1. Return one quarter of the surface area of the convex hull spanned by the alpha-carbon atoms of segment 6-134, equal to its mean projected area, in nm².
2. Cα axis of helix 79-92 to longest principal axis of the chain: angle in degrees, 0 to 90, nearest 10?
3. Plugging the Kirkwood radius over Cα pairs into Stokes-Einstein for segment 82-136, at a temperature of 37 °C and a viscosity of 0.692 mPa s, what D comes out in µm²/s?
4. Given the chain, what percent of its DSSP beta bridges are antiparallel, to the nearest 5?
5. How far is helix 6-18 tilted off the main Cα axis of the chain, in degrees rounded to 10, range 0 to 90?
Amino acid sequence: MSFALSGPLQAAIYDALRGDPVLTALVGAAVYDAVPAGALPELYVRLGSEMVEDASDCSGAGAVHVVTISVITTRPGFADAKAAAGAVSDALHDADLTLSRGRLVSLWFEKAKAHRIDAVSARQIDMRFRARVEDG
């Protein structure tokens, strides 16, 4: 299997998050693939790193993508960040996303880490999702 389904998977995840009404109520349009220059909102979602492993078998080509999605806030406490992280999780866990190439077999929440970013007095929740995709 190649890395070819990474772009279509990322686009489908981005579209799902941007189109989720609960998440939109919390962060507005502040879902970023690339964080823009300049001032950022107090609460936003950022698509992050990805690891991919081949998962091809006798039925065809496939891969497992481990995707990190972060919620970042400069608001005091973790409450707002956790609400947004919950909305991200609800939007993606076991979602039926349509890819421009290939097919999403499954997508599920794997784990999360909430921590402070002391240098900027911010808080961040990094969530890891595992996606199984097939090509062809």
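1. Reported value for the Cα convex hull: 7.9 nm².
2. Rounded to the nearest ten degrees, it is 20.
3. 256 µm²/s
4. 95 percent
5. The angle comes out near 40 degrees.
Just so you know, all these numbers are worked out from the coordinates, no wet-lab data involved. All values derive from a computational prediction rather than experimental measurement.
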